[in-house]
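Notes follow once the structure below has been shown.
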Amino acid sequence: MDVLDAIARRRMHRSFDRRPVPDELLQQIAAAAARAPMAANIPLRRIVVVTDRRIIATLRQVTPGLSSDPPALIALCTDLAVAEAETGRHGRDISSYIDAGAAAENAALAAAALGLGASFARSRTEAGIGVALGLPPHVRPDILVGVGYVSQRPSRAPRRPETPIFRDQFGAPWSGDGCRGEAAENAVEADMPYRMPDLAAVVKAIQTWRAGGGGTKRRSSVSSGRARRLNLRPPPHAGR
């Protein structure tokens, strides 16, 4: 099964049978999660594979979103000490969650490719999950991925909502014929030029974001030096 087939087949399963998942398959799924990208390629991800039924039962009690009863769980965690030291507060509080989501999707796709089902769950009671998994205080549990063989009577697949896809700018619909979309075509028909991004406005938005605390002292997303290297400066005619 190639990756596009796995994406098409992947869904969240809420009903598993009682067969245990072989360690070889769990190893492949955990390895797929470990291969997901991490901010700045910093090794801050920690993974716990759970097969003990007593621990799974405890995790279900403190995780209301874990409505299924999977025979195995893969806990995706973040080492907060490493995240903050290497990537700052932004990496600890934002990027690490993006990384966890990428790891969870890798795990779900690997499960689909191996003939297994998967489900995601997250709990606000991180402290309870941490105790159940024996996590040190500086390791935060982010996502629990339930893994197992799908029941012979799987849960009904929900209707997947359609996701809007735009071209170049928000509101300009994507189309496969290479045009910019209806919004741009309508602008041309009304004798209006296609609105290109104002570089001065982009730079101002970045500066406002940083002034409001959006940036961090360590590895800021857009430092002044990097802005100069990217030539993020208003053109001479800006603002005229």
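Each value in this text was obtained by applying a stated rule to the coordinates, not by laboratory testing. Just so it is clear, the structure is predicted and the values come from calculations on it, not from any experiment. Cβ: placed from backbone, ideal geometry, glycine included. Neighbour counts: every protein chain shown.
Observations on the structure shown:
- Table column - 3J(HN,Hα) (Hz), segment 70-81, Karplus curve with 6.51, -1.76, 1.60, x for Gly and Pro: x, x, 8, 10, 10, 8, 9, 10, 10, 7, 5, 5
- For T78, distant residues with modelled amide H under 5 Å away: R46, R140, D142
- Per-residue ³J(HN,Hα) for segment 99-113, Karplus 6.51 cos²θ - 1.76 cosθ + 1.60, θ = phi - 60°, Hz, x for Gly and Pro: 4, 5, x, 5, 5, 5, 5, 4, 5, 5, 5, 5, 4, 4, 5
- Classified by the C-alpha gyration tensor, segment 3-148 has an oblate form. Its axis ratio a/c, with a ≥ b ≥ c, is 1.5 or above, and a/b does not exceed b/c.
- Computed from the C-beta positions of A40 and S151, the FRET efficiency with R₀ = 30 Å rounds to 0.15.
- Footprinting exposure proxy for V203, V50 (fewest neighbouring C-beta atoms within 10 Å first): V203, V50
- Candidates V48, A107, P64 compared by Cα position along the dipole of segment 3-148: farthest toward the positive end lies P64, with charges placed on Cβ.
- Segment 3-148: relative contact order in percent, alpha carbon pairs under 8 Å with at least 6 residues between: 36
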